[in-house]
Structure formats: C-alpha cells, structure tokens
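The values are calculated or read from the model by the stated rules, or taken from the named source; none is laboratory data. All of these numbers come straight from a predicted model, not from anything done at the bench. Note that we place each Cβ from the backbone using ideal geometry, even for glycine, and neighbour counts take in every protein chain shown. The area values use the complete protein model at the heavy-atom level, side chains included, leaving out ligands, DNA and RNA. Shrake-Rupley method; radii C 1.70, N 1.55, O 1.52, S 1.80 Å.
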Amino acid sequence: WYQRRVHGEHIEKLQQEFQCLCLNRESSTTETLAGITVPKFLQCMQKIGINPELMNLEKLFLVWDTDNNGVLDFKELTFGLSELFEASAEDRLKMCFRSYDTDDSGRLDVNEFKIMLKSSLWRHLSFSFQHLETEEQQIESAYHSIDLNKDGWLDFTEFSIAVKANRKLSSCFESAIKLEGITLWHPKDNRPVMIPLKMAKHCKLCGNIFTPLLHKYHCKFCGHVVCKDCSPNQRLMPLLGYTIPKRVCEACEPMIDRMVQDGLTPPTSPKHTTLSNIKHTFIRNLSNHS
C-alpha cells in the first residue's frame, strides 16, 4: 500500500529512521525492538511536528495498533501517518474526533469533551462562555451549545460544525503534509548524555583514579568516562549518527558486536587500534595465561 504512495527511496529512508527509532537504549543488551511503544510514539510525533494539543495521541496510538500487540510496527506507523497527512481535511477531522472518543462509541460524552478542552487549543470552543464564573460552567455550556439536537451527546457532524465555525481550529486540519517530507527520527537522538569530564574522578570500568598521566575519555556508546585502557577500540555506530568510528568502552563492545550480528550496524574493518591498545591487549592476554 505504501509503495503506491511513497517512492522506493523514501520508503528506505523511513525504514532506516524507524530502525533508529526502535533502538532500545534502556535494555542492558541494547537491542532494536520490533516496534515502538507509546513513549517513543509521542516523541516521534513531536519530532514530526504534530501538535500534541490537537489530538489525543495516546488514543491515536491504540487506533493505529491494528494487531493490538502494544507496539506500532513500521507498516502500522507509516499507514497511520499516511492517513493523517495525505487524507482530506474532513478525514483528518474524523481521526481527531476518534482520538477523543475514548470508549469508541462514535460520539463524545461530556467527560470526553472535558478531556479535550484541557488543551489550550480546544479551549477556543468555550471562549464564548468565559463570562460564566467557573471553568466547569464554561465547558458544560459549550458542550450543550454544540449539541444541536439536544440528545446529550456530540456526534461527528455536530463536532465538525463547531470546528469549522472556528477559524483557529479549522485551519489546523487544512494543510496536508506529504509523507516524503517528514523525518521520523534522527540517529543523533539516540546518542547518550555524556557525563561531564570534570565530574569524573575515576574510570567507570576499572575504577582507577584519573591523574595527569591517566587521561579521561568518553565512550560514545554509553556516555560514561573511562580510561584509555578500558576503551581500546573505535567502532562504527550509524544508529547513533556517527559516520566515522568512535571510541567505545569494553563494556559496550559486546552490545555493538550483537548489533553487527543482527545486521543493525556494519562491522568496523579493521578495528581501529592504537599502540596503547595493543599494549593493553598484550598485558591482558599475559595475565590470562599466568
């Protein structure tokens, strides 16, 4: 389906970005998951530029999760985004309505309407009632004014009429965005927070205290500060946005090796090794045989 809407090179670009998005840095093994969960979905939508006040994004996640397994795979995400961006303004409005219809009843009750009006954007629907004393009165009065047939519910037609009558709200659904023009995620977003060198008093791995002769280095994979003997190699890490090999600590190398085995990152050939690294390896091998 998406091949009919998106050119092949753009599909490949989105797949690569999705792979970066799925990198699980919380795992001790650092793996790429089969899909994204709600927190990563919210970050992704913010990255794309979706206003979190326009839709109930957590409900939208459930709508797009068609197999109900708790994660969005590449097909589910890009299909949902394609529907969101390339559909008509009316269809985008329907998607918004459905995102606030938390019980999937096809209509909004007053409690769902209150949740919607927690957003400063949707508060435009109650501006005509700001003369009332309490926020509760303003919301309920706005609700009953939109309920044209006075049945106690807001159906999509009533919701649509209210939105289209408000220029500020209706303009949010008019502009279409092409899927080719978006960026799901940038590899640099996967980079760890680097521990400030000034704060590090000893190597994270061996525990040796840093001195003018024992220099400090950052592991570019985990962000910790280590000594040169505990970070003997440099590795390619495209999922972190590095285009050339970067120094990594020995604790992180097995994780990178696993990513190479899984085809998630290319091997560094040959491994970048310095003279001090050769010395470190020789001493370590010597101690292992003693």
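Computed with a 1.4 Å probe over protein heavy atoms only, the accessible surface of the range 62-177 comes to 51 Å² per residue. In plain terms, the chain from Cys206 to Asp257 could stretch by 16.2 nm, reckoned as 0.36 nm per residue minus the Cα-Cα distance. Remark: the range 74-126 is approximated by an ellipsoid whose semi-axes, taken from the C-alpha gyration tensor as √(5λ), come to 23, 13, 10 Å, largest first.
Spacing of the modelled spin labels on Leu197 and Leu148, each 7 Å from Cα toward Cβ, amounts to 6.7 nm. In this rough spin-label picture, where each label sits 7 Å from Cα along the Cβ direction, the Leu121-Glu58 distance is 1.8 nm.
Stretched out fully, how many nm does the piece from Ala34 to Ser141 gain, at 0.36 nm a residue minus the Cα gap?
Taking Ala34 through Ser141 to full extension adds about 33.9 nm, to one decimal.
Equivalent ellipsoid of the range 71-218: semi-axes from √(5λ) of the C-alpha gyration tensor, largest first, are 49, 22, 14 Å.
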